[in-house]
Structures are given as C-alpha cells and as structure tokens.
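Data first, discussion second: the structure below is written as structure tokens.
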Amino acid sequence: VAAGFETTFAQCPDESSLRAAAAKLIGGSGEVTQLLKLMPQLPGDRRKELGQRANALKNAVQSAFDARLEGLARAARQAELDAPPIDPSLPGRGLARGALHPITRTIDALLDVFASIGFEVTDAPEIELADFNFTRLGFPPDHPATDMQDSFFVAGGEIGAPGVKRFEDQVLLRTHTSNAQVHEMSRRRTIPIACISAGKVFRRDDDATHSPMFHQIEGFWVDRGISFAHLKGVLTTFVKRMFGEQVPVRFRPSYFPFVEPGGELDVGCTICRPYDEPGSEAQRARTDACRVCKSTGWLEVLGCGMIHPVVFEHCGWDPKEVTGFAFGMGIDRIAMLRHNVGDIRLLYENDIRFLSQL
Ligand code: PHE
C-alpha cells in the first residue's frame, strides 16, 4: 500500500496533479485513510504497533506532499525571476472605450429640455396600424403619404391579406412619431396630458439629406384652455435652451391634417448666423454663401399647431372641453447641425473612424 509515493509526487508537474495524487492516499477515502479506519477492528495486542506504523506512513505522505508543494512553488517563482524583466514604465496599451451615438446624445438632450418643462417621456410603436399613423390623425385615405410609394407597408399587413379589409387595418412602419399622440390620448382619460416621445420613423426616401429611416421627437399638451400662446411659449423656450438665448425664431403658417391652425418654426441658421447682425454687409455675404440654409438664413426645425378637433373626437375627447397643441421635429438634422455633418448617411454607416471624430 502507498508504495513509491515519493516518486509519484516528484513526477507531478503542477499543483493540481500533486493534490490529486495526494488525495488518493490521504484524502477522505484515500488508501492510507482507509487503512487507519481499519485499526479499531484489530485485536488489542496488534493494534498499537500497526496503528503507530499506519500513522507514521500518513505523516510521511503528508511531509512528502508538503515538500513537493513547496518545491513546485519555488520553481515557479524561479522561472518568473529568470524570465525577461517586465518594464513597468512602458506606456499602457489602452482599452477602446465605447460611446453613445451622436443621435442618442441629441435625443437625450432634447428629452432633457422637455422633461425639465414638465413633459412626461413616453414610447409608441414603430410597427403601426394605418389607423394610428393616419386615420385617427385625420388623413384622408387618398392622402399622398398613405400611398405605397411613400410608406413602407409590412408584408402580410396590406389590404387583401388575411383579416385586412379596411385601409385602417393595414400594418406599416410609422411615418412619423405623431402616432404617440393618438396612443396617449386614446389610452388616458384624465387631463392634463403633456407627453414627449422620440424614436425611429420610416419613409421611402434615400439621398444625402434623406434616409429611409430617421428620427423624430413628438410633443403635445392637452388640457382645458390651452392656446396658441402656450405653444409659442413652450417652443420658444425650447429653441432658446437648445440653440442659445440669442437665436432668432420665427413661426410660419403651414398645413398638416391633424392641426388647425398649423405652422412651422424656423431658427436663424446656426452656420451662417452664429451671431446675428441683421442687415449688415458681412451677414448678407455669409448667408449668400451658406449651403446649409440654402442662402435663406433660416432652418426649418419643426412642425406644430393646435390639435385638430377631429383628432380629439377620434381619440375619445370632446373638443369643446379640451384643447391642445402638438409639434414634431426631425432629430437627425439637429444632430447634423450640432456636429457639423453634411451627409445624413454618415450617421448610420457606423464607421468607427467617422463616429470617433464626433
Ligand atoms: N408629424 C409631422 C411630420 O412628420 C410633424 C408635426 C407633428 C406637425 C405635430 C404638427 C404637429 O412632419
């Protein structure tokens, strides 16, 4: 029993094989341990002598194990010392760190401004029923935006597919974030409702300034007695916080089926009018040469207006009791302006060499 353990231990190349070899002898069910367990069964006269010998064997195995363990540790330490020296003064290799995408950063900045004014941040689906994207917002079924040429309809969700009989039952990728208005107004039964919702929208466009997928942010406020003055106040506050106290702002009348009156808000071009010198020669020259605002001196930032009575009716509210305003804004263009990027597609190619410059 247990013969040759010193040789066995000496042949173990590392700590784990050494521990395994020792366990076979002096572990819980090792050979020497078994032997010791037999002692009480031996006749009294032999027990003493054999017991002493078994214990001596156990101790010898234990010492051989300890010695070999220490030998292995010493060898490892020596190998480390003999290896080429480590130079702790060399510069580190550095880890590449990830960062939030410029669009995400712009969305966060926009949401922050509106949240600080008191808007609640909500979400709405990207895959949507035509009912929520168009019909309840007052789009007539023959509006050009509702055309297959302009919107992405989901295969199997077009008219004629199983269960899809009416225009509003069709399934498409939302073309704007205005579906957030419909969802929140249809779902909630108490006022005030003041929500802000950002996300992806999809249209059949693809060139340097249009991508088939882009981002919008939608906000609206519904309560008793909300007027166009509230709209102007909130949006002017927003624009000054986002683009600076000094930025010129103007409202222009415009048309969207779901607002009346409807308008668009422009800000003074952030590229050619970084500081405004109305009427000056230098200002006019900069604006004439500016390609970002196409020499107009203005950038269209958002669409807005008073929520149309028909939208309230479609969402279960009485337009004689509540009023509200809504606005929708493209996010990608704002990110492009903030980072001075000329081609929208650069934002989506996710080329790290480009993104890491921003
Ligand atoms: N949904 C409109 C668009 O996509 C923007 C808008 C939102 C206009 C809310 C008015 C009110 O262009």
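The values are calculated or read from the model by the stated rules, or taken from the named source; none is laboratory data. Just so it is clear, the structure is predicted and the values come from calculations on it, not from any experiment. As a convention, Cβ positions derive from the backbone with ideal geometry for all residues, glycine included, and neighbour counts pool all protein chains shown. Protein only, heavy atoms only, side chains kept; ligands, DNA and RNA dropped before computing areas. Shrake-Rupley method; radii C 1.70, N 1.55, O 1.52, S 1.80 Å.
Things to note:
- Anisotropy class of region 184-230 from Cα gyration tensor, a/c 1.5 cut: prolate
- Rel. contact order, % - alpha carbon contacts under 8 angstrom, at least six apart, the chain: 15 percent
- Dipole magnitude of the chain, debye to nearest 20 (Cβ charges: Lys/Arg +1, Asp/Glu -1, about Cα centre): 1360 debye
- Under a 5 Å amide H cut-off, with hydrogens placed 1.01 Å from N, VAL154 pairs with VAL171, LEU172, LEU173 among residues at least 5 apart or on other chains.
- Judged by a Cβ-Cβ distance under 4.7 Å, the unpaired cysteines of the chain are CYS12, CYS195, CYS304, CYS315.
- Expected-Rg normalisation [2.2 N^0.38 Å, Cα atoms] applied to region 35-90: 2.16
- Solvent-accessible surface ranking, highest first, for ASP205, ASP82 at 1.4 angstrom: ASP82, ASP205
- Our estimate of slack between ILE117 and LYS294, defined as 0.36 nm per intervening residue step minus the Cα-Cα distance, is 60.5 nm.
- Amide H contacts under 5 Å for PHE325, placed H, 5+ residues apart: TRP221, ILE307
- Positive-end residue of ALA335, CYS12, ILE86, charge dipole of the chain with Cβ unit charges: CYS12
- Springs join every pair of Cα atoms under 10 Å in this Gaussian network model of the chain, and among ASP142, ASP206, ASP87 the largest mean-square fluctuation is at ASP87.
- Positive-end extreme of charge dipole, region 227-269 - chosen from ALA229, MET242, LEU265 (charges on Cβ): MET242
- Cα gyration tensor shape of region 20-127, rounded if a/c is under 1.5, else prolate or oblate by comparing a/b with b/c: oblate
- Helix axis angle, 102-117 relative to the chain longest principal axis, alpha carbon, degrees: 70 degrees
- Highest-first arrangement of 63-70, 284-291, 160-167, where packing means the average Cβ count within 10 Å: 63-70, 284-291, 160-167
- Extension gain from PHE167 to LEU81, taking 0.36 nm per residue of separation minus the Cα-Cα distance: 23.1 nm
- The portion of the accessible surface of the chain made up by carbon and sulfur, rounded to a whole percent, is 54 (1.4 Å probe; DNA, RNA and ligands excluded).
- Backbone HN-Hα couplings from phi across region 17-25 [Karplus 6.51/-1.76/1.60, Hz, Gly and Pro as x]: 5, 5, 5, 5, 5, 5, 4, 4, 9
- Net charge of the neighbourhood of GLY138, taken over other residues with C-beta under 14 Å away and scored Lys/Arg +1, Asp/Glu -1, is -4.
- Taking amide H as placed 1.01 Å from N in the peptide plane, the amide H of HIS215 sits under 5 Å from that of VAL201, ILE331, ASP332, each at least 5 places away or on another chain.
- Computed as a quarter of the hull surface, the mean projected area of the alpha carbon convex hull for the chain stands at 37.0 nm².
- Label-to-label distance, nm, for residues given as ASP206 and ALA282 (7 Å Cα→Cβ offset): 4.5 nm
- Prolate is the label for region 62-186, because a/c, from the alpha-carbon gyration tensor with a ≥ b ≥ c as root eigenvalues, is 1.5 or above and a/b exceeds b/c.
- Taking all pairs of distinct alpha-carbon atoms in region 261-312, Kirkwood radius in angstrom: 12.5 Å
- Solvent exposure of the chain, expressed per residue, is 57 Å² of accessible area, with all protein chains present and a 1.4 angstrom probe.
- Assigned charges on the beta-carbon of Lys, Arg, Asp, Glu; region 159-293 dipole about Cα centre (debye): 440 debye
- Computed from backbone phi, the HN-Hα couplings of region 256-267 come to 9, x, 9, 9, 7, x, x, x, 10, 10, 10, 10 Hz, rounded to whole numbers (Karplus: 6.51 cos²θ - 1.76 cosθ + 1.60, θ = phi - 60°; Gly and Pro given as x).
- In plain terms, if you count all Cα to Cα distances in region 112-244 and split them into 5 Å steps from zero, the share in each step is 2, 10, 17, 20, 18, 15, 12, 6, 2, 1, 0 percent.
- Under-14-angstrom lysine pairs by C-alpha in the chain, whenever the two are 8 or more apart or on separate chains: 4
- Distance distribution P(r), region 200-358, all Cα-Cα pairs, bin width 10 angstrom from 0: 10, 32, 33, 19, 6, 0 percent.
- Compared with the alpha-carbon gap, the fully stretched path from ARG97 to PHE228 is longer by 42.6 nm at 0.36 nm per residue.
- Ranked by solvent-accessible area (1.4 Å probe, protein heavy atoms only, all chains present), the residues PHE132, PHE9 order from largest to smallest as PHE132, PHE9.
- Projected onto its three principal axes, the C-alpha set of region 175-262 covers 43, 38, 23 Å, listed from the longest axis down.
- Within the listed set LEU129, LEU42, LEU100, the residue fluctuating most in the Gaussian network model of the chain (springs between alpha-carbon atoms under 10 angstrom) is LEU42.
- Efficiency of FRET from Cβ geometry, SER89 and THR33, R₀ 56 Å, rounded to 0.05: 0.60
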